[in-house]
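K.L.:
Have a look at this one before I ask anything.
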Amino acid sequence: MISIDPLGVVIGSRGEATDDHWGDVAAIIRLDGERFDAGAVAGLEAFSHLCVVFQFHLVDESAVVTGARHPRGNPAWPKVGMFAQRAKMRPNRLGVSNCALVAIDGLDLHVRGLDAVDGTPILDVKPFMVEFEPTGTHQPVWATELMEGYY
């Protein structure tokens, strides 16, 4: 098994996770200055968005769900397995989010729309590239309803 060390931390986002309205949330991804220098982010300014991998560090192991449940506890939506949703109480407590890159100041990546709270460990940052996204995708109606006010 490999060990993954955070490469940075979220600064200045919300203090607690809430379900909706992340679109205008500003935050900074502060990369570890002991591990990285400015060369690590060279060229990143040419991209409008980032794909960020992070850890849901506030989710206690006892809260992890491995089976099926109603998303957000809403009985109007079907019970679906944890791998059919993007909830924070996942087995490895990993989150993935695409967010806007607003500015770069040294090793501080200023972002908007990152749905991670202040203090969240950042595990990876990648430039968002359209060509990595599939075409012809589809999803169930409940997922569209769930995301209506998310960003």
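The values are calculated or read from the model by the stated rules, or taken from the named source; none is laboratory data. Fair warning: this is a prediction, and the values are worked out from it, not measured in the lab. Cβ atoms come from the backbone with ideal geometry, glycine included; neighbour counts cover every protein chain shown.
K.L.:
Scan the range 18-27 and give yes if some residue there is closer than 28 Å to W142 by Cα and more than 19 Å from the chain's Cα centre (by Cα), otherwise no.
P.N.:
No, the range 18-27 contains no residue that is closer than 28 Å to W142 by Cα and more than 19 Å from the chain's Cα centre (by Cα).
K.L.:
Using beta carbons and a limit of 9 Å, which pairs, at least six apart or on different chains, have the first residue in the range 34-46 and more than 26 Å from V130 (Cβ to Cβ) and the second one loosely packed, with under 10 Cβ neighbours inside 10 Å and among the small types (G, A, S)?
P.N.:
Filtered contacts from the range 34-46: no entries.
K.L.:
For A68, all conditions in the list (1) over 22 Å from D24 (Cα atoms); (2) surrounded by 15 or more Cβ atoms within 10 Å (Cβ to Cβ) hold save one; what is the number of the exception?
P.N.:
(2)
K.L.:
Please find, within the range 6-37, the residue that is surrounded by the most Cβ atoms within 10 Å (Cβ to Cβ) out of those that are at pLDDT 95 or above and part of a loop (DSSP other than H, G, I, E, B).
P.N.:
L7
K.L.:
Hey, can you tell me all the residues within the range 116-145 that are acidic (D, E), over 12 Å from I29 (Cα atoms) and surrounded by 10 or more Cβ atoms within 10 Å (Cβ to Cβ)?
P.N.:
E133, E145
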